[in-house]
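Structure, as structure tokens:
The values are calculated or read from the model by the stated rules, or taken from the named source; none is laboratory data. All figures in this text were calculated on a predicted structure; none of them were measured in a lab. To get the accessible areas, we keep the full protein, side chains included, count just its heavy atoms, and leave off ligands, DNA and RNA. Shrake-Rupley method; radii C 1.70, N 1.55, O 1.52, S 1.80 Å.
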Amino acid sequence: MQSLAELALKMHESVDLTDEREVKKFIGFTQVGENLIGVRRRATRLMEEDALEIGPGGIVTPRRDPFGLYIIYGGTPHHTCNLFGYWHINDVDEVYITVGGKNPDDEATRLILMRYPKSGERDMFAWYCRECVALLHCFVHETGSLGFETFWKAESEAVRIFNSDATLRRCKNCGAEHPLGYRFMANKNSVEEEAARRIW
Ligand SMILES: [Zn+2]
């Protein structure tokens, strides 16, 4: 297992973040040694308060410096607004390193680093009521034993199931209706699913 410092050095050697073609390779997640690396880019103003978590206090924007190092610990439901339309629960810790631009409209860059999942470690795609935080639906994927290359297909299937059944989207606790889920990659979504990206 590499230390984070070793990994950061390796990133520096293996990814030229000033080269758009290089960065494009990391739009999803790419395996680098024992780790997975993703690169996200969007306007600085969109990255300031975009990452939500669910904890004992309900849905929160964690208190942190929006730019810098941040860890989402394994098992914590997290959602990035307008980027992916579900709550992701990863058995593996995720490290976010975000570097903002000078102005709100300048592009910010976020590196997402995590260890490659081991057998038995899962990814979950979940939806919680936006009013009362009751769990509406959770799709569990055995990423560790099946390999990370199956992740995006599982994401797609989870979203398809949630969107195909209106009873899953209606909260049994308070009756609130949840917007459609949507996939990270825009070209995999229907027009209605892409419209949901603008909502949450
Ligand atoms: Zn509810």
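A few comments on the model shown:
- Accessible surface of the chain [probe 1.4 Å, protein heavy atoms]: carbon and sulfur percent: 54
- The relative contact order of the range 43-200 comes to 19 percent, based on Cα pairs under 8 Å that sit 6 or more residues apart.
- What the Cα convex hull of the range 79-184 gives, in volume per residue, is 119 Å³.
- Over the Cα atoms of the range 24-96, the radius of gyration divided by the Kirkwood radius equals 0.95; this is the Rg/Rh ratio.
- Remark: the chain carries 52 Å² of accessible area per residue (probe radius 1.4 Å; ligands, DNA and RNA excluded).
- Cα convex hull of the chain, projected area averaged across orientations, nm²: 11.6
- Computed from Cα positions, the angle between helix 4-14 and the longest principal axis of the chain comes to roughly 70 degrees.
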